[in-house]
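The values are calculated or read from the model by the stated rules, or taken from the named source; none is laboratory data. Source: prediction; values computed, not measured. Here Cβ is always computed from backbone atoms with ideal geometry, including for glycine, and neighbour counts include all displayed protein chains. Heavy atoms of the whole protein, side chains included, go into the accessibility calculation; ligands, DNA and RNA do not. Shrake-Rupley method; radii C 1.70, N 1.55, O 1.52, S 1.80 Å.
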Amino acid sequence: MGVKDENNIIIEAGSLEEALIKASKQFGVERENIKYEFISDSHDDAPPGRFGGVKIKIIDDFFVRHERFRNEIAIDNLIKQAEAFANTKDGFIRLEVIGDDVVLTIYPHVGAGKPVTIKDAYERLNNPRYIGLVKKSIMAAFEPDKVRKPHVVARLNPEYKDVDARPVFEAAGDKMGLYLKFVPPRGFGKFPKYDEIERLVYELGVKTQIDRQVVENAIKNRVSNSSFLISKGDAPVNGSDTRVEWRVERMGPEKIVYLRPDGSVDFKKVYLLSNIQKDQVIGDVLNATSGIDGRDIYGEAVPAKPGREKNIALGKNIVLNEEKTKIMSVIDGQIKFECGVANVYPVHEIYGDVGYKTGNIEFAGSVVVKGTVLDGFSIKAGGNVYVENPVGEAVIEAEGDICLPAGFIGKNKGVLKSAKSVMVKFAEGGTIEAKERVVADLVIIHSRVTAGDKIEAVGKRGQIIGGELFASNEIMAKTIGAPVGVATRLNLGFDTLSLGYFESICSDFSFTEKEIEKINQAQNYLRLSRARGEKKIEGDIDDMIKRLDATRAMLETKWEYLHGEKERVLKEMNTETRGVVKVIDVMYGGVTINIKNVLYNVQSNIISSALHLENQEVRIFPL
């Protein structure tokens, strides 16, 4: 017996002679030509083959030849299996409808394929589409000499006869459109080609272009029982009535998103108002037009409807020019459209607070706020500003008056700036600037107040306590200062409108003097280094000194200009101003009065007096 392990062939027998005979028969090789190797004996100490069974291992090329032989057999079997599979084919039935005839063709099986039976044929023909089965023809189709040949075995039921899709065209009532609908096909009916549709459309007398994409999509997707527009005429463009083409950028308050330079959003600037200036052209009057005629799908003209001449409705504060071609505003304000009519109102009213809902307000006219201005927000108006509730850390600028009947608590950041006057119930911890007057009903506390004419606090309490006040002509109050000696500074007799410019000149003058001093120090150091022969500085010392000389010359020229400008402005500020302080009840110690740069420190209480400058001294006169 031969046993094959992974790499060798092992022969077992009762003796060595028997093992060699087995190998000779198995491999067809003479006994003498077999090469082997003895593996084991039943008695390990006996010579091979003397006692019991033996095992030998065939060596050299016997195993290799044996494996090649087996591989050749395996490959041959695979080829035979593949050939058998390739030559195997199931039989099948083909049914065709040719005209009104149903044609049967039988294709027999090949090799081990599954054959087709008469039962299979009858199952295929068991269909209401087929009538009048001919059994004889069915049987004949299976005869060996008649297979693969067509046989008429039935007739097509007329109700199931294939019918192609039929196009139906319909023109719109106004002849401005042509619609196509496909009656659905029956059986294996087909849809017509685009060329056929195009021919039928033009036979109808249609002159307009066909929408080819719509038609081809309907054919491709076999769309039926749905109408779709495939051609349309050129609609007439009716004339427009007399109308106004507005020139204003915004027809009303417009919400915007304002980005700062760093890319962040300023949520306090969310609306832009439609500001209008006096005599500004806000619209052009366009006359009625006749329109443009159109064409229907048959090429016939469709007349356009001409526009009508109409009168232009004008709202408040709006007029036409002499030629009646332009619309103009007669005031500064805000444009609003009400019932389709434009109006320009001089006042912008806010029924609530100025805050994140409204954003900062910029308006060419007056602004009325029924609430307050929240901290951090601002109003900039070309007219007056009126705020009903107390105002805090806000900024209000107006070309007219500012009126705060509930008071102003600036928290050292709030600012009121008016080109006319400021009227407040009270003011605390803010900055107020007015070109005319500043009037407080109750008190002005720790504020910086500047007025081009007068500062008055003569209402119910009429107090001025702390802070610094500037007025060109007069400061008047019932009480100035406080019993505890609160520092209060009153400045009068200056043109306060030029005060800011004067302070700017003084600052530039001081800075220029310091720069000249630095250049002098640098030149002295360079000259001393040159005299000692020191080389602590890289570069040409003489060149550095020349450059410093040129810079100093420019700074000295600027110094002379600023010095002259300072003297001129100071002289103008001290001209044509009275500079009077009036206290109705009492002025306490701790108050400092500066009238045209003449200082007077109040040491003790002053009762019901007026203080003004006389012979370059501050004198006190009873009221």
For the chain, the charge dipole (Cβ of Lys, Arg +1; Cβ of Asp, Glu -1; about the Cα centre) points to a positive end, and the Cα of Thr479, Ser240, Ile106 closest to that extreme belongs to Ile106
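Between the DSSP loop rule and a limit of at most 15 other Cβ atoms within 10 Å, which chymotrypsin sites (Phe, Trp or Tyr not before Pro) in region 268-341 are left? If you can, show how the numbers build up before the last one.
Details: sites: Tyr271, Tyr298, Phe337; in loops: Tyr298.
Here the sparse-neighbourhood loop sites are Tyr298.
Given the peptides 276-286, 509-519, arrange them by the average over their residues of other C-beta atoms within 10 Å, most packed first. Show your work: numbers first, answer last.
Numbers: 276-286: 15.9, 509-519: 13.6.
Ranked by mean Cβ neighbours within 10 Å, highest first: 276-286, 509-519.
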Selection from Leu320, Val367, Asn389 lying farthest towards where the dipole of region 298-433 points positive, charges on Cβ: Leu320
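Determine the sum of side-chain charges near Cys403: Lys and Arg each +1, Asp and Glu each -1, restricted to other residues whose C-beta is under 15 angstrom from that of Cys403.
Net charge in that neighbourhood comes out at -3.
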Per DSSP, loop chymotrypsin sites (Phe, Trp or Tyr not before Pro) in region 151-256 with at most 11 further Cβ within 10 Å: Phe188
Quick query: amide H of Gln334 versus all other amide H atoms, modeled in the peptide plane; which residues come in under 5 Å with a sequence gap of 5 or more or a different chain? Ile276, Tyr345, Val347
Could you tell me which of Val422, Thr512, Phe502 has its Cα farthest along the dipole of the chain towards the positive end, charges placed at Cβ (Lys, Arg +1; Asp, Glu -1), taken about the Cα centre? Val422
Calculate the translational D of region 118-228 in whole µm² s⁻¹ from Stokes-Einstein, where the hydrodynamic radius comes from the Kirkwood formula applied to all Cα pairs, the temperature is 25 °C and the viscosity 0.890 mPa s. 141
Using a 1.4 angstrom probe and counting only protein chains, how large is the accessible area of Ile361 in Å², to 10? 10
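I'd like the FRET efficiency for Val237 and Lys190, computed as 1/(1 + (r/R0)^6) with the beta carbon distance as r and R0 of 51 Å, rounded to 0.05. Each step should come with its number before you reach the end.
Values: r = 43 Å, r/R0 = 0.83.
The pair Val237/Lys190 has a calculated efficiency of 0.75.
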Would you mind getting the accessible area per residue of the chain, heavy atoms of the protein chains only, 1.4 Å probe, in Å²? 58
List the residues whose amide H sits under 5 Å from the amide H of Val152, counting only those 5 or more places along or on another chain, with H placed 1.01 Å from N in the peptide plane. Leu104
Would you mind calculating the relative contact order of the chain from Cα pairs under 8 angstrom and at least 6 residues apart, reporting the percent as a whole number? 5
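Order Ser224, Ser447 by their accessible area, 1.4 angstrom probe, all chains in place, largest first.
Listed by decreasing accessible area, they come as Ser224, Ser447.
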From the phi of every residue in region 303-308, what ³J(HN,Hα) in whole Hz does the Karplus formula 6.51 cos²θ - 1.76 cosθ + 1.60 yield, where θ is phi - 60° and glycine or proline is x? x, 7, 8, x, x, 10
Can you give the charge dipole size of the chain about its Cα centre, rounded to the nearest 20 debye, using +1 on the beta carbon of Lys and Arg and -1 on the beta carbon of Asp and Glu? 1380
Given backbone amide H placed at 1.01 Å from N, residues whose amide H is under 5 Å from that of Gly414, ignoring those fewer than 5 places away on the same chain, are Ala394, Thr431
Quick one: check the C-alpha center-to-center distance for region 101-123 versus region 469-490, whole angstrom. 123
Given the -39500 (n - 2.57) contribution per DSSP H run of 4+ residues, what per-residue ellipticity at 222 nm results for the chain, rounded to the nearest 500 deg cm²/dmol? -7500 deg cm²/dmol
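Accessible area of the chain with a 1.4 Å probe: how many percent of it is carbon plus sulfur? Numbers along the way, then the final one.
Values: 18320 of 36240 Å².
The value for the chain is 51 percent carbon and sulfur by accessible area.
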